[in-house]
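Worksheet: one structure, shown below.
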Amino acid sequence: MYILQPGLNKKYGFILSSVFTGIIWMTWHSPLFFIPGTNHGEGLINFWMFAVQLIAFRFFNGAIYKISGKGRVFMCVLFHTMFNAASPIFVTMTMTWVGTITANAVIVLVSIVTVVLYHKKNRQIV
C-alpha cells in the first residue's frame, strides 16, 4: 500500500486515494472472516463495521505516511502494530453502529486536518 496510495494521491488527492486504498485494504483483510478461531471468523466482529474502520484507518495511515519522512513505512507498521495490540481495550466503542461511525469519523477528521496543516506548514496544496 505504500506504493499504491502515494501514486493515487498524486492523481486523485489525499481523500480519494485513502478511500480507494481502504477498499483494497478491506478486500485484502476479508479472508479473515473465513478463518475459524479468529475474532473475525467467529462472528465477533461485524464485517461492515470492520470495513468502515479499515477505510478510516487508511486515512490515518496515509497521514502518518505523508508526514513521517524517511521512516514512513516503519511508522505505519508501528501504528498498525500498536492499534492491533490496543484493539481489545477499545472494542466496546465499536460494537454498535453509532460507536463505529463516531469513532471512525473522528479518525478521518483528525487525519484530514493533520494533512491540511502539514501542507499549509510546507506551503503545498492538498
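The values are calculated or read from the model by the stated rules, or taken from the named source; none is laboratory data. This one's a predicted model, so the numbers in the text were calculated from it and none came from an experiment. Here the Cβ is made from the backbone with ideal geometry for all residues, glycine too, and neighbour counts use every protein chain on show.
Picking from T81, T27, T38, which residue would you name as being loosely packed, with under 14 Cβ neighbours inside 10 Å, more than 23 Å from N122 (Cβ to Cβ) and touching a helix residue (DSSP H, G or I) at 6+ places or on another chain (Cβ under 8 Å)? Steps first, please.
On the way: T81 fails: touching a helix residue (DSSP H, G or I) at 6+ places or on another chain (Cβ under 8 Å); T27 fails: touching a helix residue (DSSP H, G or I) at 6+ places or on another chain (Cβ under 8 Å).
Only one candidate qualifies: T38.
Working only within the stretch 1-23, note down all residues that are over 23 Å from V106 (Cβ atoms) and either surrounded by 16 or more Cβ atoms within 10 Å (Cβ to Cβ) or not aromatic (F, W, Y) (or both). Let's see the steps before the verdict.
Of all residues in the stretch 1-23, those over 23 Å from V106 (Cβ atoms) come to 2-4, 6-8, 10-12.
Passing the criteria: I3, L4, P6, G7, L8, K10, K11.
Looking only at the stretch 55-68, decide whether some residue is surrounded by 13 or more Cβ atoms within 10 Å (Cβ to Cβ), among the aliphatic types (A, V, I, L, M), more than 11 Å from the chain's Cα centre (by Cα) and under 23 Å from V115 (Cα atoms).
Going residue by residue through the stretch 55-68, those that are surrounded by 13 or more Cβ atoms within 10 Å (Cβ to Cβ) are 55-68.
With among the aliphatic types (A, V, I, L, M) added as a condition, the list becomes 55-56, 63-64, 67.
Now narrow it down to the ones that are more than 11 Å from the chain's Cα centre (by Cα): 67.
Still in the running and under 23 Å from V115 (Cα atoms): 67.
Yes, the conditions are met somewhere in the stretch 55-68.
For the stretch 69-118, give me each residue that is within 20 Å of Q5 (Cβ to Cβ) and among the β-branched types (V, I, T). Reasoning before the result, please.
So the first thing to find is which residues in the stretch 69-118 are within 20 Å of Q5 (Cβ to Cβ), and the list is 69-84, 104, 107-118.
Listed by number, the residues that qualify are V73, V77, T81, I107, V108, V110, I112, V113, T114, V115, V116.
So, in the stretch 17-50, exactly how many residues are more than 22 Å from V73 (Cβ to Cβ), without any contact (Cβ under 8 Å) to a residue 24 or more places away in the chain, aliphatic (A, V, I, L, M) and not in a loop (DSSP other than H, G, I, E, B)?
Total satisfying the criteria: 1.
Spot the failing condition for G62; the list is (1) under 22 Å from K121 (Cβ atoms); (2) at pLDDT 90 or above; (3) in contact with a helix residue (DSSP H, G or I) (Cβ under 8 Å, 6 or more places away or on another chain), and only one is missed.
Failing condition for G62: (2).
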